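A.B. asks: One structure follows; several queries about it will come next.
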Amino acid sequence: MKTATTATILAALIVGQYAHGQWAQFPDKSIPRTSTGEADLTAPTPRTADGTPDFSGVWLPDADPLPAGVESVEGDLPLPRHMINITADLGPEDVELTPWAAELFNKRLGNRGIDAPLAHCKPTGIPLLNAIVLPYKIVQTPDLVVILYEENTIFRQIFLDDREPVEDPLPRWMGYSTGRWDGAELVVETTGLTDESWLDVMGHPHSGSLRLIERFRRPDAGHLEIETTIDDPGAYAQPVTYTVTATALSDDDLLEYFCTENEKSSAHYQ
């Protein structure tokens with residue numbers, strides 16, 4: 001069964017718009033500056049001492065105008081298209097759900113996002129966190145990459161120390177991630193993701209056997225690409241691949257953010 005289009009969906013979002021200038025402006029020293037003092041986002045990619053790309057920095061997913069027929073509780077707020085729909089760049093022939101996954105997806109569409117984890121202040125989980133409209137910080141060391149997400153002040157660890165993926169993992173919202181270098185790309189494999197999480201706010205589901213593969217690329221100083229593959233035979237007839245992009249926040253940093261503080265939306269869901 002093919003996925004539905006976004007034209008029939010109400011994206012029930014509770015994520016506020018990111019505002020620049022959270023902290024006093026403090027320049028990221030890894031990003032060169034122009035003669036006028038502005039960040040040169042097209043400068044060469046920063047590299048570590050061993051020559052690999054350095055992904056360290058604060059990143060904000062790139063936003064797009066809302067698709068026709070899609071509404072947000074925040075109004076006409078630009079949002080990353082893969083936050084709304086991981087299949088936004090794909091044709092119907094590229095995404096075929098298994099029967100149970102199609103049934104669950106259609107149920108979520110019919111409920112207009114009210115059942116979404118983020119609508120109830122539950123963790124968002126990955127890969128959706130890479131596309132949500134809040135910043136995140138990457139801290140890179142030779143053996144470990146840590147990603148700090150402003151959304152619900154959640155962290156993620158990607159181990160680069162040659163450890164093997166966890167066997168029969170206990171399901172988690174962030175899963176268990178191991179990484180390796182493939183030339184200039186950081187390839188991350190994540191397993192053990194709870195099937196409670198949604199892949200996007202439309203409600204594309206996944207099974208507990210999801211194998212998530214991300215290829216991190218930094219083509220220049222100011223831009224990040226994460227090619228994401230959903231390899232889940234339990235929910236999809238073939239792997240689904242899409243790419244999310246982000247731009248460096250060269251002068252800002254994260255603030256703590258907890259969805260449950262002053263949350264008043266769920267009492268009005270119908």
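A.B. asks: If you place +1 on the Cβ of every Lys and Arg, -1 on the Cβ of every Asp and Glu, and leave all else neutral, what size is the dipole of the range 51-250 about its Cα centre, to the nearest 20 Debye? It would help to have the intermediate numbers written out before the result.
C.D. replies: On the way: 14 positive and 32 negative charges, 85 e Å.
Charge dipole of the range 51-250: 400 debye, to the nearest 20.
A.B. asks: Can I ask one more? How long, wide and thick is the range 102-174, going by the Cα atoms along their three principal axes, in whole angstroms, largest first?
C.D. replies: 46, 31, 16
A.B. asks: Moving to a separate point now. Under 8 Å for C-alpha pairs, at least 6 residues apart: give me the relative contact order for the range 51-250, rounded to a whole percent. Write out the running numbers ahead of the final one.
C.D. replies: Working: 424 pairs, mean separation 49.2, N = 200.
About 25 percent, as a whole number.
A.B. asks: Report the FRET efficiency, 1/(1 + (r/R0)^6), for A184 and N262, where r is their Cβ-Cβ distance and R0 is 45 Å, rounded to 0.05. Could you put the intermediate results ahead of the total?
C.D. replies: Details: r = 43 Å, r/R0 = 0.96.
For A184 and N262, the calculated efficiency is 0.55.
A.B. asks: Once the piece of chain linking L170 and D143 is laid out straight, how much longer is it, given 0.36 nm per residue of separation minus the C-alpha distance between them? Could the numbers behind the result be given before it?
C.D. replies: Details: separation 27, 0.36 × 27 = 9.72 nm, distance 2.32 nm.
Between L170 and D143, full extension yields an extra 7.4 nm.
A.B. asks: Which aspartates and glutamates, if any, have their Cα less than 16 Å from the Cα of K29, not counting same-chain residues under 8 positions apart?
C.D. replies: E38, D40, D54, D220, D251, D252, D253
A.B. asks: For D50 and D253 in one chain, what is 0.36 nm times their gap in residues minus the Cα-Cα distance, to one decimal in nm?
C.D. replies: Working: separation 203, 0.36 × 203 = 73.08 nm, distance 2.63 nm.
Full extension from D50 to D253 adds 70.4 nm.
A.B. asks: Gain in length, L41 to E96, computed as 0.36 nm per residue apart minus the alpha-carbon separation, to one decimal in nm?
C.D. replies: Length gained between L41 and E96: 16.0 nm.
A.B. asks: Run the numbers on the range 82-179 and let me know its relative contact order in percent, using alpha-carbon pairs under 8 Å that are six or more apart.
C.D. replies: On the way: 90 pairs, mean separation 17.6, N = 98.
So the answer I get is 18 percent.
A.B. asks: Could you work out the per residue convex hull volume over the alpha carbons of the range 158-245, in cubic angstrom?
C.D. replies: Values: hull volume 9.6 nm³, N = 88.
That works out to 110 Å³ per residue.
A.B. asks: Sorting check: for 206-213, 140-147, which peptide has the highest mean count of neighbouring beta carbons within 10 Å, and how do the rest follow? Write down the numbers at each step before the final one.
C.D. replies: Values: 206-213: 18.4, 140-147: 15.2.
Packing order, densest peptide first, comes out as 206-213, 140-147.
A.B. asks: Using the Kirkwood formula over every pair of different C-alpha atoms, what hydrodynamic radius in Å results for the range 51-250?
C.D. replies: Numbers: mean 1/r = 0.0578 Å⁻¹.
Answer for the range 51-250: a Kirkwood hydrodynamic radius of 17.3 Å.
FYI, it's all coordinate maths here, none of it is from the lab. The shown structure was predicted, so the numbers you read here are calculated from the model rather than taken from an experiment. Note that each Cβ is placed from the backbone with ideal geometry, even for glycine, and that neighbours are counted across all protein chains shown.
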